[in-house]
1. Students often forget the sequence filter, so: which aspartates and glutamates lie under 20 Å Cα-Cα from Lys123 once same-chain residues fewer than 8 apart are removed?
2. Could you tell me the calculated FRET efficiency between Asp243 and Ser147, based on Cβ-Cβ distance and R0 = 51 angstrom, to the nearest 0.05?
3. Can you find, among Gly234, Leu221, Gly197, the residue sitting farthest towards the positive end of the charge dipole of region 172-236, where Lys and Arg contribute +1 and Asp and Glu -1 at Cβ?
4. Compute, for Phe159, the solvent-accessible surface of its heavy atoms (probe 1.4 Å) with the complete set of protein chains present, and express it in square angstrom to the nearest 10.
5. Largest first, how would Lys154, Lys113 line up by accessible area (1.4 Å probe)?
6. Taking just the alpha carbons, could you work out the radius of gyration and Dmax for region 71-215, both in angstroms?
7. So what is the accessible area of region 155-232 per residue, in Å², with the probe set to 1.4 Å?
8. Can you give me the distance in nm between label points at Ala215 and Gln68, each placed 7 Å from the Cα along the Cα-to-Cβ direction?
Amino acid sequence: MKSTAFSLLLFLLAAMPVVAQDANENIDAALDRGEQRVDASRTAQERIDAVNARTRDKIAEYRDLEKQIAGLDVYVRQLRLQLENQDAEIAALHESIDNVTLIERQITPLMLKMIDALGQHVKLDVPFLPEERAARVERLRAMISRSDVSVAEKFRAVFDAYQTELEYGRTIEAYRGMLELADGAREVDFLRVGRIGLYYMSLDGSLLGAWNREARRWEPLSNDYRSYINEGLGIAREQAAPDLIRLPLPAPQPAPGLERATS
């Protein structure tokens, strides 16, 4: 019995190096497999990290594209509004052009009537500055037929002529000119008070006169008015301070022809 136990012990002692060697080999293999699994896990994690990074980049790119698309949508809507406004402006311009053409056809006959009325007014009015005023009317007649002058410029010139005639009624003026008298043409000083009074005095002061609108002729004045006419000439020439002067004035009447021109 002892012999058998001793034999078993010897067998175990002899087998222990082999078992230990197998155990070491098994441990080494296990460690190798563990390292391989770790390497595989690391590689897989790196791949996952790379995929996550690409995914984050794509998400960021997508969000940037969304923002760009939203901005482009706003820009496109704004462009559409601008196009709509431009279309409305173009339609308004076409309508204005059509209206301008219609107005031009209507305004030219009106201007001709206004010029005719202005010429008639100058003929019937108090005869101050007759050559200058008649020449203004003739310039208007010549301008109306010119093709290089716009309708707006023509109308402005006609309006300015009317404005000038209206200004005569609010001003006093002195000027020198020739006057046909009974003893022949003489150079005289004219005094215009608005358009209600027109007077003359010869340069030597010996002859005085006033325009009679109703009789449409010059009538002499007495020497009593010489100082008043002299005073009026000085005021008109800004050589004397404005003051009241005594002059014969006709009863107030509307300017002949002008009321028809503006009606």
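1. List returned: Glu131, Glu132, Glu138, Asp160, Glu165, Glu167, Glu173, Glu180, Glu214, Glu219, Glu259.
2. 0.45
3. Ranked along the dipole, the leading option is Gly197.
4. 110 Å²
5. Descending order: Lys113, Lys154.
6. In Å, with Rg to one decimal and Dmax whole: 26.0, 94.
7. Accessible area per residue: 53 Å².
8. Using points 7 Å along Cα→Cβ, the separation is 9.8 nm.
The values are calculated or read from the model by the stated rules, or taken from the named source; none is laboratory data. Just so it is clear, the model here is predicted, and its values are computed rather than measured. Neighbour counts are summed over all protein chains in view; Cβ atoms, including those assigned to glycine, are modelled from backbone coordinates with ideal geometry. Ligands, DNA and RNA are excluded from the accessible area calculation, which covers all protein heavy atoms including side chains. Shrake-Rupley method; radii C 1.70, N 1.55, O 1.52, S 1.80 Å.
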